[in-house]
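Student: I am attaching a structure below and will ask some questions about it afterwards.
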Amino acid sequence: MVTLFRWLWKTFVLASAFGIGYIIGREHSFEEEEEWESEEEERKEKDGQEKSDKPAEPVVTGAVQAVTFNLENPTATSVSVVGDFNDWNKDKTPMTKDGNVWKTSLNLKPGRHEFKYVVNNTDWLTDPKAGETVADKYGGRSSVIEVK
């Protein structure tokens, strides 16, 4: 009987410690996400202030433009392009292989779009030819394309 009680007590203590550790870990990850979001808002405000000093470029609103995405990767078995234009869904925009280059074209609205390539359904890569990248909330970088 004493052995059963000891086993139950140890199980309760271990389960309690794991549960508290899990809760603390979740709170920490929420804090990091909130911190990242506040940094992102500050960066956007700063970018908005800097851009206000520059003359505004004319942009045709509502017009879409065909944009071709290319990635040279001869060893890949599949490649797709993901971004804010397709909800970062790797199944929405698969690319086709032409020699050593993977290609696809999309009609995008004017503005800045963040994107990455997903190679073999696992590797999320920035565009090596992209002129600009920005930090993402996962500690990596996303490529940027501007459609006028």
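The values are calculated or read from the model by the stated rules, or taken from the named source; none is laboratory data. Bear in mind the structure is a predicted one, so any value in this text is a computation, not a measurement. In this analysis, Cβ positions are derived from the backbone assuming ideal geometry, glycine residues included, and neighbour counts consider all displayed protein chains.
Student: Does Val82 fit the bill of being surrounded by 15 or more Cβ atoms within 10 Å (Cβ to Cβ) and either without any contact (Cβ under 8 Å) to a residue 60 or more places away in the chain or assigned by TED's automatic domain parsing to the domain that holds Glu42 (or both)?
Tutor: Details: surrounded by 15 or more Cβ atoms within 10 Å (Cβ to Cβ): yes; either without any contact (Cβ under 8 Å) to a residue 60 or more places away in the chain or assigned by TED's automatic domain parsing to the domain that holds Glu42 (or both): yes.
When the stated conditions are applied, Val82 passes them.
Student: Taking the stretch 61-86 as the search range and keeping residues that are assigned to a loop (DSSP other than H, G, I, E, B) and within 17 Å of Thr122 (Cα to Cα), which one is nearest to the chain's Cα centre (by Cα)? Lay out the reasoning, then the answer.
Tutor: Filtering the stretch 61-86 for residues assigned to a loop (DSSP other than H, G, I, E, B) gives 61-64, 73-78, 84-86.
Still in the running and within 17 Å of Thr122 (Cα to Cα): 73-78.
Numbers: Asn73: 21, Pro74: 24, Thr75: 24, Ala76: 21, Thr77: 22, Ser78: 19 Å.
That would be Ser78.
Student: Within the stretch 49-82, restricting attention to residues that are at pLDDT below 50 and hydrophobic (A, V, I, L, M, F, W, C), which residue is nearest to Lys129 (Cα to Cα)?
Tutor: Result: Val59.
Student: Next up: What are the pairs with Cβ atoms under 7 angstrom where one residue, in the stretch 124-148, is more than 16 Å from Leu108 (Cβ to Cβ) and the other, located anywhere, is basic (Lys, Arg)? Sequence gap at least six, or different chains.
Tutor: Every condition considered, the pairs that remain are Trp124/Lys116; Leu125/Lys116; Thr126/Lys116; Thr126/Arg141; Thr133/Arg141; Val134/Arg141; Ala135/Arg141.
Student: With the checklist (1) more than 28 Å from Asn107 (Cα to Cα); (2) at pLDDT 55 or above in hand, flag the one item Ile23 doesn't pass.
Tutor: (2)
Student: In the stretch 87-106, what residues are within 20 Å of the chain's Cα centre (by Cα) and not hydroxyl-bearing (Ser, Thr, Tyr)?
Tutor: Those that are within 20 Å of the chain's Cα centre (by Cα) and not hydroxyl-bearing (Ser, Thr, Tyr): Asp87, Trp88, Asn89, Lys90, Asp91, Lys92, Pro94, Met95, Leu106.
Student: Only residues that are surrounded by fewer than 13 Cβ atoms within 10 Å (Cβ to Cβ) and either outside the structural domain of Asn70 (by TED's automatic domain parsing) or not charged (D, E, K, R) (or both): list them for the stretch 106-139, please.
Tutor: Asn107, Asn120, Asn121, Thr122, Pro128, Gly131, Tyr138, Gly139
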